[in-house]
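One structure is given below, encoded as structure tokens.
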Amino acid sequence: MHKTASKLADGRELVYYDREPGAVRDARDERPLEPAMSFSEIRLDPVLGDWVTVAAHRQQRTYHPPAGECPLCPSREGRLSEIPAADYEVAVFENRFPSLALGSAEHVAAHEDPLHTVRPAAGRCEVVCFTSDHDASFADLDEAKARLVLDAWTDRTAELSALPGVRQVYCFENRGEEIGVTLGHPHGQIYAFPFVAPRTAKMIVRAEEHRARTGRNLFEDLLATEQGSPERLVLRGEHWVAFVPFAARWPYEVHLYPKRRVADLTALDEAERAEFPGLYLDLLRRFDALFPAAPGAAPNRTPYIAAWHQAPAEGGGELALHLELFTVRRAPGKLKYLAGVESGLDAFVTDVSPEAAAARLRDAATPGR
Ligand SMILES: [Zn+2]
């Protein structure tokens, strides 16, 4: 992996990742951009103990631009985008409308009291462009390209973890308008949080309780058990295993773990990195194959969220790196909405049994790829 770091016109960082050395990535951003200011803050919910990011300025962000004005396509004569180069393999840049920004520390004063705790949302939000091809999807990438994305995620994790005040780095992809994606170009995002996210904090507590009760690691026990539970297994490689969790929340949900417990992406070894792309692409293609398109219609693209869970920089010693992939689609044309029970109480009800979901994912054919 070869990396070229540069700056956009307003000072934001842009990094190109290339498979081969020698790519010239010196195009300049010619747009007249003013440096963006961030007034984002994080507020502590005194009742739940969760941090909530308040990023009111994001209302002006780009919303469903026409394809000709896509800010993630390479720049062309007369149409300048966020990526000055005429082409690229993988590009990562700081979000122009970030909910977390180190600069917020200059504009937001911290305030600590038991009911009203406020701090600057001093972190970073990045956009990861998986390909310059506007109409592609992650599942369309070849293995070498998917590996380059993995290497970019890994490099970003290392870089962002080292920023002052960053506690946790979260790489994810939202795919599909059903998920709320406002840009059609294939891309993911990375959030570098100044706090440990609520779900991660909960996992840490559960893992610490498991350790206290059994003397063992929760995730190692879980992987040993699920690898022996064929009814929920979806894919198994030499170094990774993918299964539907025992208490899945979403209609179709798969968790992909390296068999060796590691804290984060930077701790994967070469054999694990080499095997990941094939398995992950296979999983994504199975998701698309779950809901076949009608004859003559465009291929189905199942909306999904792909979420990398990584241990925070401190205090996550019991956690295990893994990817959680799930869709809100429960049947063709039908979405699972988070309604009163889920949104009101965080109590999930699913109408697809995890074992049935796993069987469908095992059987999902992936024609034409
Ligand atoms: Zn585009």
query = Which of the residues spanning segment 162-186 are surrounded by fewer than 20 Cβ atoms within 10 Å (Cβ to Cβ) and either within 16 Å of the ligand (Cβ to nearest atom) or among the β-branched types (Val, Ile, Thr) (or both)?
reply = Asn174, Gly176, Glu177, Ile179, Val181, Thr182, Leu183, Gly184
ask   = Residues of segment 1-32 being surrounded by 15 or more Cβ atoms within 10 Å (Cβ to Cβ) and more than 25 Å from the chain's Cα centre (by Cα), which ones?
value = Ala9, Ala23, Arg25, Ala27, Asp29
message = For segment 245-302, give me each residue that is small (Gly, Ala, Ser) and buried (at least 16 other Cβ atoms within 10 Å of the Cβ).
response = Ala248, Ala263, Ala267, Ala289
message = Any residue at all in segment 351-369 that's outside any loop (DSSP other than H, G, I, E, B), of a type in the set (Ser, Thr, Tyr) and in contact with a helix residue (DSSP H, G or I) (Cβ under 8 Å, 6 or more places away or on another chain)?
response = no
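Say we look at segment 174-227 and pick out the residues that are in a helix (DSSP H, G or I), among the β-branched types (Val, Ile, Thr) and touching a strand residue (DSSP E or B) at 6+ places or on another chain (Cβ under 7 Å); which of these is modelled with the highest pLDDT?
Restricting attention to segment 174-227, the residues satisfying the condition of being in a helix (DSSP H, G or I) are 177-179, 198-214, 218-227.
With the extra rule that they be among the β-branched types (Val, Ile, Thr), the set shrinks to 179, 200, 204-205, 214, 225.
Checking which are touching a strand residue (DSSP E or B) at 6+ places or on another chain (Cβ under 7 Å) leaves us with 179, 200.
Working: Ile179: 81, Thr200: 97.
Result: Thr200.
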task = Would you be able to say whether some residue in segment 153-161 is part of a helix (DSSP H, G or I), aliphatic (A, V, I, L, M) and away from the ligand (no atom under 16 Å from the Cβ)?
result = yes
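Determine whether Leu223 is in contact with a Pro (Cβ under 8 Å, 6 or more places away or on another chain), farther than 25 Å from Glu177 by Cα and either surrounded by fewer than 16 Cβ atoms within 10 Å (Cβ to Cβ) or hydrophobic (A, V, I, L, M, F, W, C) (or both). First the steps, then the outcome.
Values: in contact with a Pro (Cβ under 8 Å, 6 or more places away or on another chain): no; farther than 25 Å from Glu177 by Cα: yes; either surrounded by fewer than 16 Cβ atoms within 10 Å (Cβ to Cβ) or hydrophobic (A, V, I, L, M, F, W, C) (or both): yes.
Judged against the criteria, Leu223 is not a match.
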request  = Please work out which residue is modelled with the lowest pLDDT, limiting yourself to segment 33-75 and to residues that are within 16 Å of the ligand (Cβ to nearest atom) and over 26 Å from Tyr16 (Cβ atoms).
outcome  = Tyr63
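Kindly indicate the residue of segment 306-339 that is of a type in the set (A, V, I, L, M) and within 15 Å of Thr350 (Cβ to Cβ) and also surrounded by the most Cβ atoms within 10 Å (Cβ to Cβ) among those meeting that condition. If you could, list the steps in order and put the result at the bottom.
Within segment 306-339, the first condition is being of a type in the set (A, V, I, L, M), and the residues that meet it are 306-307, 311, 313, 319-321, 323, 325, 328, 331, 335, 338-339.
So of that shortlist, the ones also within 15 Å of Thr350 (Cβ to Cβ) come out as 328, 331, 335, 338-339.
On the way: Val328: 19, Ala331: 12, Leu335: 14, Leu338: 12, Ala339: 9.
Only one residue tops the list, namely Val328.
The values are calculated or read from the model by the stated rules, or taken from the named source; none is laboratory data. Model, not experiment: these values are computed from the prediction. In this analysis, Cβ positions are derived from the backbone assuming ideal geometry, glycine residues included, and neighbour counts consider all displayed protein chains.
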